[in-house]
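The values are calculated or read from the model by the stated rules, or taken from the named source; none is laboratory data. Everything numeric here is computed off the predicted structure, so don't read it as measured data. Methodologically, a virtual Cβ is constructed for each residue, glycine included, from the backbone with ideal geometry; neighbour enumeration extends over all protein chains shown.
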Amino acid sequence: MSFAAPRESRLLVYVTALAALLLTLLPLPQMVSVFWPQFLVLTVLYWSTMTPHASGMLVAFLAGLMLDVLQGTQLGQHAFAMSLVAYLAIRLHLLTRAKPLFEQSLFVVAALLIYEGALWAIDGWSGRDANSWSRWLHIPTGALLWPIVAGLLGRLHAPR
């Protein structure tokens, strides 16, 4: 019995996740940073949806852990939220990847709401300030940018 190796390169997944981490951590003015999408979450969502065998839960957990360390948040907060979103994307990848980009954007809205809701709950339970409404503003921006992110990442791994 022969198992075929995944077509996608794990190195490509890690390199794009690192680039998305840098975009997420980019220092921006306050007015722009409120609307700046979570590119790392969008990238993890893309790879978990389109090629779950190449990315998997490990990429989501490590990406979230790096975000925790570099942002100085509670250790494991982003790792948990990103792993939760990646798990849902992997479970629903057959339903999601065949949909048009508009319907995929609706899935991205739900995934980003779950991601931010998990972070909000952890902040609330730990006594951190969780009442800021501005934490939710990156969700519509991420959904609007999903077709661009999916198009760019799709060009990287499409068979030539």
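State whether the residues of segment 21-41 include one that is touching a residue at least 24 places away in the same chain (Cβ under 8 Å), among the aliphatic types (A, V, I, L, M) and farther than 24 Å from Arg128 by Cα. Checked segment 21-41: no residue is touching a residue at least 24 places away in the same chain (Cβ under 8 Å), among the aliphatic types (A, V, I, L, M) and farther than 24 Å from Arg128 by Cα. Can you confirm whether segment 107-117 contains a residue that is within 24 Å of Met66 (Cβ to Cβ), modelled with pLDDT of 95 or more, surrounded by fewer than 19 Cβ atoms within 10 Å (Cβ to Cβ) and of a type in the set (A, V, I, L, M, F, W, C)? Yes: segment 107-117 contains one or more residues that are within 24 Å of Met66 (Cβ to Cβ), modelled with pLDDT of 95 or more, surrounded by fewer than 19 Cβ atoms within 10 Å (Cβ to Cβ) and of a type in the set (A, V, I, L, M, F, W, C). Thr73 meets each of the listed conditions (1) polar (S, T, N, Q); (2) at pLDDT below 95; (3) under 14 Å from the mean Cα position of the chain (by Cα) apart from (3). Scanning segment 104-140 for residues that are in a loop (DSSP other than H, G, I, E, B) and under 20 Å from Met57 (Cα atoms) yields nothing. Scanning segment 142-157 turns up one or more residues that are assigned to a helix (DSSP H, G or I), among the basic types (Lys, Arg) and either loosely packed, with under 13 Cβ neighbours inside 10 Å or touching a Lys or Arg at 6+ places or on another chain (Cβ under 6 Å) (or both). Thr49 passes every criterion in (1) over 23 Å from Ser9 (Cα atoms); (2) touching a Ser or Thr at 6+ places or on another chain (Cβ under 6 Å) apart from (1). Of the helices (runs of 4 or more DSSP H) that lie entirely inside segment 1-103, those containing 1 or more residues that are surrounded by 15 or more Cβ atoms within 10 Å (Cβ to Cβ) and aromatic (Phe, Trp, Tyr) span 10-24, 39-50, 56-71, 77-91. Taking the residues in segment 86-115 that are without any contact (Cβ under 8 Å) to a residue 24 or more places away in the chain and not hydrophobic (A, V, I, L, M, F, W, C) as candidates, determine which candidate is farthest from Ile139 (Cα to Cα). That would be Arg91. Among the residues of segment 124-157, those identified as under 20 Å from the mean Cα position of the chain (by Cα) and without any contact (Cβ under 8 Å) to a residue 40 or more places away in the chain are Arg135, Trp136, Ile139, Pro140, Ala143, Leu144, Ile148, Gly151, Leu152, Arg155.
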